[in-house]
Each structure stands twice: as C-alpha cells, then as structure tokens.
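The values are calculated or read from the model by the stated rules, or taken from the named source; none is laboratory data. Note that the coordinates shown come from a computational prediction; the quantities given were computed from them, not determined experimentally. When we count neighbours, we look across all protein chains shown, and the Cβ atoms used for this are built from the backbone with ideal geometry, even at glycine.
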C-alpha cells in the first residue's frame, strides 16, 4: 500500500524538484534578457529589432517544443512502471520529431524580412530582424534537441543537471554578446548580428553539454545507440501527444507575438517598452513554468503508479504555490516599476523618459495577469501529466486567439488605449484560458481518472 504524502511533503517535494527547474528556466530567459539588455545598450533601434526577432524565433521554438514537452510525462510514467525500454523509445522519437520540425522551420527564418513586411513593420526594422534571424535561426536545431534531452532528464528527476547546463549556456551567451555586439577582444563590432551569433553559440554549447552528460551519466539507457533506426509506433505516440502541446504553446506565444506586432504599429518607443516589460513578465513566469513542469512530472508519475490521491494532493499544492508566487510578483511590479525598467537602459539613453513612461503602464498590466497566467500554466502542466492534450489545445486556442487578440486590438486601437489596451487584451485572453483549463482538469479529466465516489485528500 502506498503511503499517503502530506501537503507539507508535497510542498517540500515540489520545491526540491522545482527550484532547479525554475533556475533553469530563468537561465534560459537570461539568454533573451541578455540579448535585450546588451543590444539596448547598443541602440534603441537594435533593441526594437531584437525584441521582434526574438519573439518570432520563440514562436517557432515553442511550436516545435511540443514533442519535447510530450516526452516529459511519457518518460515519467515509463520510469514509474520501471520500463527503461519505453522511456528510451519515447526520448529517441522525441529527438526525431524535434529535428524534423527544426529543418522545416529554417526557411521561415530565411524569409523573415518579407514576413515582417507583410506584418506591417517598417523596412529598416524588417531588415534588422532578417540580419538577426539569418544567423540566430540556425539555433532552433540545437535548441529543440536540448529541450527533448532536458525533458528526459527532468522526468527522471535529474533537475539539478538541467539547471547547471542552462546556466552554462547563459554564461556562454553573455560572453559571446560582450565580444560580438560591441567588438571586444579584437572581434568585429557586429551589433544585432553579434547578438545572433551569441545566441547560436549558446544553444550549440548547451547541446554539447547535455549530450556529454547523458552519455557519461546514463549509459544504461543507450539513448544514442542506433538513433537512426525508426520506431514508427512510438513516433506516432509522441506525435499524437506532442503536437497538441506544441499547438497550445503556439497559441499562447502567438498571443504575445501578435501583441508585439501591434506594439510595433505604435512605433519604436512603444515596441522597446513592450520588450522590456515582456522580459520582466517572462522572468516571473518562469517560476510558474517550473511549478508547471513539476506538476507534469509528478502527475505523470502518479498516473504510472495509479495513485489518484497523490495526484489530487499534488495538484492542489502546485496550484496554491503558483497563486502565492503571483501575489508576491504583483506587489513587486506595482511598487517598483521604474527601477525594474531602468535596468534595461543606459542612463544617457535619449529616449529613456519616453520608454519609462510607456513601460510603467505596461508593467502595471503585467501585474494584472500574473494570477491568471500562473493559473493557466499549472493547469496545462497537470493536464499534460495525465496525457490530456487535445481538448486543452482547443480551449487554449479559443482563449488566446478568439478572445485575447481581438480584445487587444479593440482596446488598443478601436478604443484608443494604445499599449495599455493591447496588454489588457492579454489579461482577458489569459484569464479565459485559466478558467477553461482549470475547469477541464478539476471538473472533467480528474473525474474520469477517479471513478470511485471520493478520494480522501
């Protein structure tokens, strides 16, 4: 009989497993933040271009990462069952599918200037975006492969390794940015293209590090032995689970990408302020994402062990912890917006006061959506853990695209609220997602998994 874990035990377990994952996510965000900060020191025009280019890259990365996210609950469930063959098969086919997606995505980076033009961006800005993505776009190959291997390691509760590899990658990025953006240590001054080289270098270094670790530390799983051999049955399973996750991620990131495009219509100042506020919101969101990842792993493990009571208690604990983090973040964004925004600009920046004025308002909106953003992220994590991904994909798509984007446009442009209106639309879209996804998990999925009249929690 399985011993029931207390709520305090769940808090402890989520914290121990979650802190390295949160740190890893923050390290990953640090790559984007570093690009934003250091390019911002170089020029406001460069900041606007990298903000738009990074968003474009991130949209495709998140879409392709669905297969990596799909590997996580599968490996967790196989590990709980003691099925080493199953976890190896799932990881290998996750690598196959991620590589295939990356190769299909490359032309979209090559044609990025034309795509930016179709989105209504100014020619000069579109050209700078192209310069960045022609180099940085190649990083999607190592980035997606790394995500699969990190999901494999995280599902096996090797979260500290995930953290240290990400930190290593972020450090490589900082160093490469310093060298190539500003032309230090004898390197040419490349500006935006230098930031792109730095990002590609950091993704490649991360892939090398994680492959070496898996080979050295986990030889019994033989992840890379006969990697070229197809496993069509498992590939189909990973595809069926991972594609809805990718589409869901695309829907959410697409919401933010659309907001970046709309902010670009408002001008360079508005887009630069948007980039700073979004980076700050992304940093805090990584805490929720780490909790969501732990929820996925632990829910997958509980599913593999057929332990519904453990699943319910873990879900309650993860949701509560996310809400408490959101409350603390709201306080920080409301009380100290100016110092937070100032960190992304040089004091002598001519447009500093304008960016600050716009950014303070946007950060207030970011505070509003902390609660709903965390709630929907944890609900998605729990649903993925029990391998329920198709209906959540539809619910997320409705929330982000049929609610969030139209409301952003309506408030921002039709009603003349500009950037504040665009961000209020984000709040509404994320709020609807939080309600629908939590209703799905607690009201439908959980009941299907627990046929008994009640489970003591």
Options 34, 51: the member that is part of a helix (DSSP H, G or I), closer than 23 Å to residue 254 by Cβ and in contact with a helix residue (DSSP H, G or I) (Cβ under 9 Å, 6 or more places away or on another chain): 51
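If I ask for residues that are closer than 14 Å to residue 135 by Cβ and either in contact with a strand residue (DSSP E or B) (Cβ under 9 Å, 6 or more places away or on another chain) or surrounded by fewer than 22 Cβ atoms within 10 Å (Cβ to Cβ) (or both), which ones from the stretch 178-190 would you list? Even if it seems obvious, please write down each step before you answer.
Going through the stretch 178-190, the residues closer than 14 Å to residue 135 by Cβ turn out to be 180-181, 188, 190.
The answer is 188, 190.
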Might you let me know whether the stretch 186-202 holds any residue that is in contact with a helix residue (DSSP H, G or I) (Cβ under 7 Å, 6 or more places away or on another chain), within 19 Å of residue 94 (Cβ to Cβ) and at pLDDT 85 or above? no
Do you know which of the residues in the stretch 339-359 that are part of a helix (DSSP H, G or I) and surrounded by fewer than 12 Cβ atoms within 10 Å (Cβ to Cβ) is modelled with the highest pLDDT? 339
Identify, by number, the condition in (1) buried (at least 22 other Cβ atoms within 10 Å of the Cβ); (2) without any contact (Cβ under 8 Å) to a residue 40 or more places away in the chain that residue 271 doesn't meet. (2)
Of the residues 95, 145, which is under 18 Å from the mean Cα position of the chain (by Cα), under 28 Å from residue 23 (Cβ atoms), buried (at least 16 other Cβ atoms within 10 Å of the Cβ) and in contact (Cβ under 8 Å) with a residue 24 or more places away in the chain? 145
Residue 367 passes all but one of (1) out of contact with any helix residue (DSSP H, G or I) (no Cβ under 8 Å at 6 or more places or on another chain); (2) assigned to a helix (DSSP H, G or I); (3) modelled with pLDDT under 85; which number fails? (1)
Quick one: is residue 214 in contact (Cβ under 8 Å) with a residue 60 or more places away in the chain, within 20 Å of the chain's Cα centre (by Cα), under 30 Å from residue 388 (Cα atoms) and assigned to a helix (DSSP H, G or I)? no
Quick check on residue 424: is it modelled with pLDDT of 90 or more, assigned to a helix (DSSP H, G or I) and surrounded by fewer than 22 Cβ atoms within 10 Å (Cβ to Cβ)? yes
In the stretch 222-234, the residues that are surrounded by fewer than 19 Cβ atoms within 10 Å (Cβ to Cβ) and either under 24 Å from the mean Cα position of the chain (by Cα) or assigned to a helix (DSSP H, G or I) (or both): 232, 233
Here are some residues: 193, 240. Which one is closer than 30 Å to residue 41 by Cα, assigned to a helix (DSSP H, G or I) and out of contact with any strand residue (DSSP E or B) (no Cβ under 7 Å at 6 or more places or on another chain)? 193
Looking only at the stretch 286-298, decide whether some residue is more than 17 Å from the chain's Cα centre (by Cα), modelled with pLDDT under 85 and part of a helix (DSSP H, G or I). no
Whether any residue in the stretch 318-325 is free of Cβ contacts under 8 Å to residues at least 24 places away in the same chain and assigned to a helix (DSSP H, G or I) is what I want to check. yes
Just give me the residues in the stretch 389-410 being over 15 Å from residue 431 (Cα atoms) and surrounded by 20 or more Cβ atoms within 10 Å (Cβ to Cβ), in sequence order. 389, 393
